[in-house]
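Heads up: the structure comes next, in structure tokens.
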Amino acid sequence: MATKNKLFIVDEIEFLEEQALQLRMYIEAHPLDGLQDRISYKETKNGGVIPMVVATVESQRKDITQALKDYAQMLEVINKLRESEDAKNQVARGGHDIPHRMQKS
């Protein structure tokens, strides 16, 4: 059971690292100083087209800011999971297990 649980946490760490990397790439691809209103064209009943603002600079900035907050939270979770894994992997001299009562909490 401990082996399955250990693999589960390792898989979760790898998954979160991959997601954090993708989020970081998204943030880097959309710098705040290069934001512009996104405009799309909508077809009218008569067959013409009119320009529409799909996303304003303000809404894009809010999205990037939220992505930065999410990225920071993901990093915290990853670090906590790593710390818990490192704490579990304490090794005593001679390759013996450390008794539960002697492990750091």
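All of the numbers you see were taken from the coordinates with simple rules; none came from a lab. The structure presented is a predicted model; accordingly, all values stated were derived computationally and were not measured. Using ideal geometry, Cβ is built from the backbone for each residue, glycine included, and neighbour counts are taken over all protein chains shown.
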Cα radius of gyration and Dmax for segment 2-89 (Å): 20.5, 70
Inter-site label distance for GLN22 and SER84 at 7 Å from Cα along Cβ, in nm: 2.3 nm
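Fewest to most neighbouring Cβ within 10 Å: what's the order for LEU81, LEU32?
LEU32, LEU81
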³J(HN,Hα) computed for each position of segment 39-48 - Karplus, 6.51 cos²θ - 1.76 cosθ + 1.60, integer Hz, glycine/proline x: 10, 10, 10, 10, 7, 8, 4, 7, x, x
Shape call, segment 5-49: gyration tensor on alpha carbons, a/c limit 1.5: oblate
Estimated vicinal HN-Hα couplings, Hz - segment 17-28 in sequence order (Karplus 6.51, -1.76, 1.60; Gly, Pro = x): 5, 5, 5, 5, 5, 5, 5, 5, 5, 4, 5, 5
In nm, spacing of pseudo-spin labels at PHE8 and THR56 (7 Å Cα→C-beta vector): 4.6 nm
Positive minus negative residues near ASP70 (Lys, Arg vs Asp, Glu; Cβ under 12 Å): 0
